[in-house]
Amino acid sequence: MKKLTLTALAILLSPITTLAAIRTETVEYKHGDQTLKGFVAYDDAVTGKRPGVLVAPEWWGLTDYPKKRAQQLAELGYVAFVADYYGDGKTTDDPKEAGEMAGPVKNDPEKLRALGNAALDQLKARPEVDPSKLAAIGYCFGGSAVLELARDGSDLKGVVSFHGGLSTTAPAGPGDVKTIVLVAHGIDDPMVSIEEVAAFHNEMKQANATYEIHAYSGAVHAFTNPDADAKNIPGIKYNARADERSWDAMRTFFADLFK
């Protein structure tokens, strides 16, 4: 009995800690007549408004991977909203179908930007979010998508593209890019040529943009996704070092943006 009493006393005298509770939910929204299904994640233990981060997924759609990234962002204290670019939260694990879904959107910068801004409006409207502190990240197809938001002059503090395509048919003009851009690029990515990187550099320079390009040796396309190897697609492979270092670069980038 004495032992139980002492244990109970120790519990009562121990510091009270608040445990993080990551909340997630599916959010239905509209772009014109199209019904979209996004995904939001935030830490319920955090009080007050906080920065919001839009997450643009790979061409596979709104799979578990971007949802996991959203939850990681929530653990860092942000509210994360994963955008739906295909409608009804559609996903696929078939590369052919993914290409068919992504192509018409990616090749239409106006549509790509409009879908991104529709998701951004949902993020801004969240009661947990400070609408003056917004950023966006994207992976592969999603990397291209968030760069289009930057080119469009969207009201974002920063944009991070992870192994995204860097080319566009609607390049930014002088003064168009009002956000700071960070590009995480695999040096050996066969899907983004050296010429494409150079063209992006010139585009950003001519647009008077503030930007950084972090290049990781030995990294190819989709280097942040641990499931990339399972696709058995040439030029796509996970790289743990590049994944970790690019995520750390993003964390530092955001800490500076939102300090």
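For the stretch 119-131, check the following and say yes or no: at least one residue is at pLDDT 95 or above and on the phi > 0 side of the Ramachandran plot. No, there is no match, as no residue in the stretch 119-131 is at pLDDT 95 or above and on the phi > 0 side of the Ramachandran plot. Taking first residues from the stretch 212-229 that are over 10 Å from G186 (Cβ atoms) and among the acidic types (D, E) and partners that are in a loop (DSSP other than H, G, I, E, B) and open to solvent by 20 Å² or more (accessible area, probe 1.4 Å), the Cβ contacts under 8 Å between residues at least 6 apart in sequence or on separate chains come to D227/Y238; D229/K237; D229/Y238.
Considering the conditions (1) more than 17 Å from L166 (Cβ to Cβ); (2) within 16 Å of the chain's Cα centre (by Cα); (3) free of Cβ contacts under 8 Å to residues at least 40 places away in the same chain, R251 is excluded by exactly one of them, (3). Of all the listed residues (G164, G142), the sole one being closer than 12 Å to L182 by Cα, touching a helix residue (DSSP H, G or I) at 6+ places or on another chain (Cβ under 8 Å) and buried (at least 22 other Cβ atoms within 10 Å of the Cβ) is G164. Across the stretch 224-259, what is the total count of residues that are part of a helix (DSSP H, G or I) and at positive phi? Looking only at that region, the number is 0. Within the stretch 210-222, being surrounded by 15 or more Cβ atoms within 10 Å (Cβ to Cβ) and out of contact with any Asp or Glu (no Cβ under 8 Å at 6 or more places or on another chain) holds for Y211, I213, H214, Y216. Taking each residue of the stretch 95-111 that is under 19 Å from D152 (Cα atoms) and looking for partners that are loosely packed, with under 15 Cβ neighbours inside 10 Å with beta-carbon atoms closer than 8 Å, six or more apart or interchain, yields N107/T169; P109/T169; P109/A170; E110/A170; K111/P104. Of all the criteria given as (1) assigned to a loop (DSSP other than H, G, I, E, B); (2) open to solvent by 10 Å² or more (accessible area, probe 1.4 Å), the one not satisfied by P131 is (1). The residue of the stretch 223-250 that is surrounded by the fewest Cβ atoms within 10 Å (Cβ to Cβ), among those that are basic (K, R) and modelled with pLDDT of 95 or more, is R241.
Counting the residues of the stretch 41-85 that are touching a residue at least 12 places away in the same chain (Cβ under 8 Å) and more than 22 Å from G164 (Cα to Cα) gives 15.
Entry remark, the stretch 91-123: residues being open to solvent by 70 Å² or more (accessible area, probe 1.4 Å) and assigned to a helix (DSSP H, G or I) number 7 in total.
Take the conditions (1) open to solvent by 30 Å² or more (accessible area, probe 1.4 Å); (2) of a type in the set (G, A, S); (3) in contact with a strand residue (DSSP E or B) (Cβ under 6 Å, 6 or more places away or on another chain); A198 misses just one of them, which is (3). Whether a residue is closer than 18 Å to F254 by Cβ, modelled with pLDDT of 95 or more and polar (S, T, N, Q) was assessed, and S161 passes this test.
Filtering D155, D176, D188 for residues that are free of Cβ contacts under 8 Å to residues at least 40 places away in the same chain, assigned to a loop (DSSP other than H, G, I, E, B), open to solvent by 50 Å² or more (accessible area, probe 1.4 Å) and in contact with a strand residue (DSSP E or B) (Cβ under 7 Å, 6 or more places away or on another chain) leaves a single hit, D155.
The values are calculated or read from the model by the stated rules, or taken from the named source; none is laboratory data. Computed from a predicted model, the values in this text were never measured in an experiment. Note that each Cβ is placed from the backbone with ideal geometry, even for glycine, and that neighbours are counted across all protein chains shown. Side chains are part of the model used for accessible areas, which takes the heavy atoms of the whole protein and leaves out ligands, DNA and RNA. Shrake-Rupley method; radii C 1.70, N 1.55, O 1.52, S 1.80 Å.
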